Amino acid sequence: ASAAQQATNLWQRYLKYREAEGAIKVNSKTSDPEHLQRVFNALTQLRQQYFKPLEIEALFGDEMVYNQYTIDRISIMENKTLNANQKAQQLKQRFAQLPQGLQQNIQEISKLQDLRELTQQIKANNGTKAQLRQMREQLVGAAAADRLEQLDQTRENWQNRVDTYLNQREAILNSKQADQDKQAAIDALRTRQFSTPAEQQRAITFEQFKDQNIDTSKVLN
C-alpha cells in the first residue's frame, strides 16, 4: 500500500511536470549551444521543483548526461578560436568524461559525427592533408587515420575517373552526331572506362547527377 501510494504520488507529480515543461520556450530551428544550454538549465531547475534527486536520476539521468554532452560537443565544434586538431583533442577529452556505459553505446556514432564535421571544416578552410591527418590521429588514432587516408585515395581515384569520363561524354553530347550515334558512342565510352557492370551502373548514376547540375565531388564526401 505504501509503495502504491508513492508511485501514485510520483505519477501525479510527473504529469504536472510535463504540463509545466510545455511552457519552456524551445527554438527547434537552431542549434546554437547557448540557447540549448539555457533550455537544458531551465529543464533542470523545473525537475528540481517536482522531484527529489534520486527521482531525477532515475527518470532523467542518462538523458541529462547525454544532452549536456551534446551541447558541449556543439560548443566545441562552433568555437572559432580552436583549430581542427584542438577541437579533436577537446572532443576526445569530453567524450572520456562520459560514464563507461554511455561511452560504449554512442562511441562509434559520436566518432563518426566528429570526423565528418571536422573533415568538412578543414576542407572548407582549404586545410592541408597534414592537418587532416593530425586531426584524425588525435580523434581515432594512427591506424584508423591510415585507413581513412586509403579511403580518401580510393575516392580521389574514382572521382578522377568519373571526371574524365563525364568530360569525354560532354564532348560527345556537344558533337554534331545524330542522337542515336551519340548514345552509342557514350555507351561504348562507358564500357571502355569502366570494366565491371557495377562500375558502369555507378557511372550512369553520376551521369544523372551531372545532368541535374549536382556537384559530383560532393556526392563522395
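The values are calculated or read from the model by the stated rules, or taken from the named source; none is laboratory data. As the structure is a computational prediction, the values presented were derived from the model and not from experiment. A quick note on method: Cβ atoms are made from the backbone with ideal geometry, for glycine too, and the neighbour counts reach across all protein chains shown. Just the protein is used for accessible areas: all its heavy atoms, side chains included, with ligands, DNA and RNA removed. Shrake-Rupley method; radii C 1.70, N 1.55, O 1.52, S 1.80 Å.
Once the C-beta distance of N41 and Q153 is scaled by a Förster radius of 45 Å, the resulting FRET efficiency is 0.45 to the nearest 0.05. With one equal scatterer per alpha carbon and no solvent term, the Debye-computed log10 I(q)/I(0) for the chain at 0.09, 0.16, 0.18 1/Å reads -0.62, -1.11, -1.24.
Using Cα pairs under 8 angstrom and six or more residues apart, how large is the relative contact order of the chain, in percent?
12 percent.
The apolar share of the surface of the chain, taken as the fraction of accessible area on carbon and sulfur atoms (1.4 Å probe, ligands and nucleic acids excluded), comes to 49 percent. Computed with every protein chain present, the accessible area of K52 is close to 130 Å² [probe 1.4 Å]. Charge tally for Y17 (other residues, Cβ to Cβ under 13 Å; Lys, Arg +1; Asp, Glu -1): +2.
Averaged per residue, what accessible surface does the chain expose to a 1.4 Å probe, in Å²? Each step should come with its number before you reach the end.
Numbers: 14720 Å² over 221 residues.
Here the per-residue accessible area is 67 Å².
On a 1.4 Å probe surface of the protein chains, which of T191, T196, T44 comes out largest in accessible area, and what is the full order?
Numbers: T191 85, T196 60, T44 30 Å².
Greatest to least solvent exposure: T191, T196, T44.
When S195, S31 are compared by accessible area at a 1.4 angstrom probe, the order from most to least is S195, S31.
Note on F40: accessible area is roughly 30 Å² with a 1.4 Å probe, heavy atoms of protein only. Ordered from highest to lowest accessible area with the whole protein assembly present and a 1.4 Å probe, K111, K129, K92 read as K129, K92, K111.
For the residue pairs K25/K52; K87/K111; K29/K123, the C-alpha atoms sit more than 20 angstrom apart in K25/K52; K29/K123.
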